[in-house]
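A.B. asks: Quick one: the structure is below, questions incoming.
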Amino acid sequence: MEPFFSSDCREILIAVDNSEGSELAFNWALRNYCKRHDHVRLIHVVRNFNDAIGSLPKEAISCLEQQAMTSARAVVEKYMRRCAHADVDCDWRIACGDERDLICREVMRVCADVLIVGTRSLPPVKKALLGSVSEFCAHHSACPVIIVRPKETKPELLAAQ
């Protein structure tokens, strides 16, 4: 019996930023997950500075936002070049706001088959205070989520989380 819906092309959403965890997740995805006919979509989320820094003048906030967007474009262009070099069909989006919410919204917008994210592997106390984008996505995403952890993550740290 054939599946009701069959497609050779999967929509793979990879959340990227300038972190080691993001680099690891992207590399893992290209080496171990992406296939020839897949379509990779990159999302990079820039924080909204108006919410984070209410006491700065508007000019300073505007300057910070411009710098963040310039940095975001550089990050996305780096990953786009690497996709092109690997002959992987890819496009991208830069969004501004809360990472957790916007990544989960992007999953729905692009009808992603899977979301691949890295992790900062924070200790439990820091994770509780700062929150975990990868864990939020794992619980709220409309598609399966692959969280790529660093190999040197110690099992006792994972058990404590």
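A.B. asks: Using amide H atoms built in the peptide plane, which far-off residues or other-chain residues are under 5 Å from G97 H to H?
C.D. replies: Distant-sequence amide H within range of G97: V46, R47, N48.
A.B. asks: Taking all protein chains as present, what is the carbon and sulfur share of the accessible area of region 39-94, in % to the nearest whole number, probe 1.4 Å?
C.D. replies: 50
A.B. asks: Which order, highest average first, do 141-148, 84-91 follow once you tally other Cβ atoms within 10 Å for each residue and take the mean per peptide?
C.D. replies: Those peptides, ordered most packed to least, come out 141-148, 84-91.
The values are calculated or read from the model by the stated rules, or taken from the named source; none is laboratory data. Owing to the predicted nature of the structure, the values given are computational and were not obtained by experimental measurement. All Cβ positions, even for glycine, are placed from backbone atoms using ideal geometry, and neighbour counts span all protein chains on display. SASA here: full protein model, heavy atoms, side chains in, ligands and nucleic acids out. Shrake-Rupley method; radii C 1.70, N 1.55, O 1.52, S 1.80 Å.
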